[in-house]
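Engineer: Mind having a look at this structure? Questions to follow.
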Amino acid sequence: MGISRNILLWASDSPWMRLHVPKWKFVKKAIKKFMPGENAEDALAAAKKFQADSIPAVFTHLGENLQHLSEGLEVRDHYLELIDKIAEQKLDVEISLKLTQLGFDSSFEVTYERFKDITFKVREKLGNMIWIDMEGSNYTEKTLFFYKKIKSEFDNVGLCIQAYLHRTEKDLKDLMSIDGHIRLVKGAYREPADIAFNFKNYVDRNFLHLSKELLKIKSQKNIRVAFATHDEKICEQILRDAKHYSIPRNQVEFQMLYGIKSGYQKELAKKGYKVRVLISYGDFWYPWYMRRLAERPANVWFVLKNIF
Ligand SMILES: Cc1cc2nc3c(=O)[nH]c(=O)nc-3n(C[C@H](O)[C@H](O)[C@H](O)COP(=O)(O)OP(=O)(O)OC[C@H]3O[C@@H](n4cnc5c(N)ncnc54)[C@H](O)[C@@H]3O)c2cc1C
């Protein structure tokens, strides 16, 4: 893992940086590359534009690790209102969230009830899916347990799994026993070598291995599988593998972030593949933004350019 990636991921956790950096004007300007704005309305307007290019969206209201359990109630209510707005505007938008936004650090049960409220409304009003983000490895076991429990009550829930973790292949087998709906990512957090692959080529290799496994399972089971990567080489291999397993184009799904590989997103959608763009919004963007910089440290030059 590169030194610059390590420094940026360290900075994403630094309390001093979390407090001060979001106030710097040049950083505020640079963040526009990755998010359309801080309000739900900004995200809704962006989703409308993407929908015109046959690219539906996934929304995330940025936030994680609450100070008080009660704050999670506001997050729940925000999502409940958001669902009404999505339905009113007849947009094809799904929701993705971090369990720590709802209070996972303090109470499993309270988080479960809040998540259930959102999931129920998603099913009734939007008739689509809600996704659970996967956070750092100290949450993996707990999140898998949470997912299995909610999946036994609701089928419209998908889970993110991370190719950089050694354990993921085993977790995937386990998740397939409950017909889990899966979003595969490489992984965005700082993890020690005994838990995660520390070299990019190992992570890439494992992503490809797991994607093949998922496509094979998808050719036999009615599960939703989404590949969340901007790595064009990997995407092209997935397209070849999907063809090998005779999976129709409209069942091969990619999810990519707003502002990254926009041309490629449109190209895939035009060819008839399913592409969803993940649109993040909200004012608590600092740790999320630092992880985006860490994924591609060259982005730091883009931030610095905004000083001048
Ligand atoms: C929809 C979605 C949901 C996600 N959910 C989670 C989650 O729940 N948990 C989690 O740990 N991670 C999540 N991630 C992040 C993921 O783990 C990776 O950190 C991120 O996708 C970058 O990896 P990559 O697969 O694009 O490959 P990389 O090898 O990092 O990048 C491939 C190419 O994509 C482009 N690229 C990638 N990132 C950037 C960037 N930030 N800026 C500019 N160009 C870039 C570059 O051209 C790069 O060469 C999610 C990602 C997406 C797209």
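Engineer: Give the number of residues within segment 82-103 that are in contact (Cβ under 8 Å) with a residue 40 or more places away in the chain and either buried (at least 20 other Cβ atoms within 10 Å of the Cβ) or assigned to a helix (DSSP H, G or I) (or both). Give the steps one after another, and end with the answer.
Structural biologist: The initial filter retains those residues of segment 82-103 that are in contact (Cβ under 8 Å) with a residue 40 or more places away in the chain, namely 82-86, 89, 91-94, 96, 99, 101.
From what is left, the residues that are either buried (at least 20 other Cβ atoms within 10 Å of the Cβ) or assigned to a helix (DSSP H, G or I) (or both) are 82-86, 93-94, 96, 99, 101.
The number of residues fulfilling the criteria is 10.
Engineer: Moving to a separate point now. Has segment 211-224 got any residue that is within 16 Å of the ligand (Cβ to nearest atom), out of contact with any helix residue (DSSP H, G or I) (no Cβ under 6 Å at 6 or more places or on another chain) and over 19 Å from Arg5 (Cβ atoms)?
Structural biologist: Checking segment 211-224: at least one residue is within 16 Å of the ligand (Cβ to nearest atom), out of contact with any helix residue (DSSP H, G or I) (no Cβ under 6 Å at 6 or more places or on another chain) and over 19 Å from Arg5 (Cβ atoms).
Engineer: Kindly provide the set of residues from segment 154-210 that are among the small types (Gly, Ala, Ser) and open to solvent by 10 Å² or more (accessible area, probe 1.4 Å), ordered by number.
Structural biologist: Filtering segment 154-210 for residues among the small types (Gly, Ala, Ser) gives 158, 163, 177, 180, 187-188, 193, 196.
Once the filter is applied, which keeps residues that are among the small types (Gly, Ala, Ser) and open to solvent by 10 Å² or more (accessible area, probe 1.4 Å), segment 154-210 yields Ser177, Gly187, Ala188, Ala193.
Engineer: What number of residues in segment 12-49 are open to solvent by less than 60 Å² (accessible area, probe 1.4 Å), within 13 Å of the ligand (Cβ to nearest atom) and either basic (Lys, Arg) or in a helix (DSSP H, G or I) (or both)?
Structural biologist: Number satisfying all stated conditions: 3.
Engineer: Quick check on my filter: what residues within segment 219-233 are buried (at least 19 other Cβ atoms within 10 Å of the Cβ) and within 15 Å of Leu257 (Cβ to Cβ)?
Structural biologist: Ala226, Phe227, Ala228, Thr229
Engineer: Looking only at segment 139-172, filter to residues that are among the hydrophobic types (A, V, I, L, M, F, W, C) and more than 14 Å from the ligand (Cβ to nearest atom); which one of those is nearest to Val110 (Cα to Cα)?
Structural biologist: To start, the set of residues in segment 139-172 that are among the hydrophobic types (A, V, I, L, M, F, W, C) comprises 144-146, 150, 154, 157, 159-161, 163, 165, 172.
When the remaining residues are screened for being more than 14 Å from the ligand (Cβ to nearest atom), the result is 145, 150, 154, 172.
Numbers: Phe145: 15, Ile150: 13, Phe154: 17, Leu172: 27 Å.
Taking the candidates together, the pick is Ile150.
Engineer: Residue under question is Arg276, and the condition is that it be out of contact with any Cys (no Cβ under 6 Å at 6 or more places or on another chain), surrounded by fewer than 20 Cβ atoms within 10 Å (Cβ to Cβ) and among the basic types (Lys, Arg); does it hold?
Structural biologist: Details: out of contact with any Cys (no Cβ under 6 Å at 6 or more places or on another chain): yes; surrounded by fewer than 20 Cβ atoms within 10 Å (Cβ to Cβ): no; among the basic types (Lys, Arg): yes.
Considered against the rule, which asks whether it is out of contact with any Cys (no Cβ under 6 Å at 6 or more places or on another chain), surrounded by fewer than 20 Cβ atoms within 10 Å (Cβ to Cβ) and among the basic types (Lys, Arg), Arg276 comes out as no.
The values are calculated or read from the model by the stated rules, or taken from the named source; none is laboratory data. Because the structure is a prediction, the values reported are computed rather than measured. Don't worry about glycine lacking a Cβ; one is built from the backbone with ideal geometry, like all the others, and counts go over all protein chains shown. Areas reflect the complete protein model, heavy atoms only, side chains present, ligands, DNA and RNA absent. Shrake-Rupley method; radii C 1.70, N 1.55, O 1.52, S 1.80 Å.
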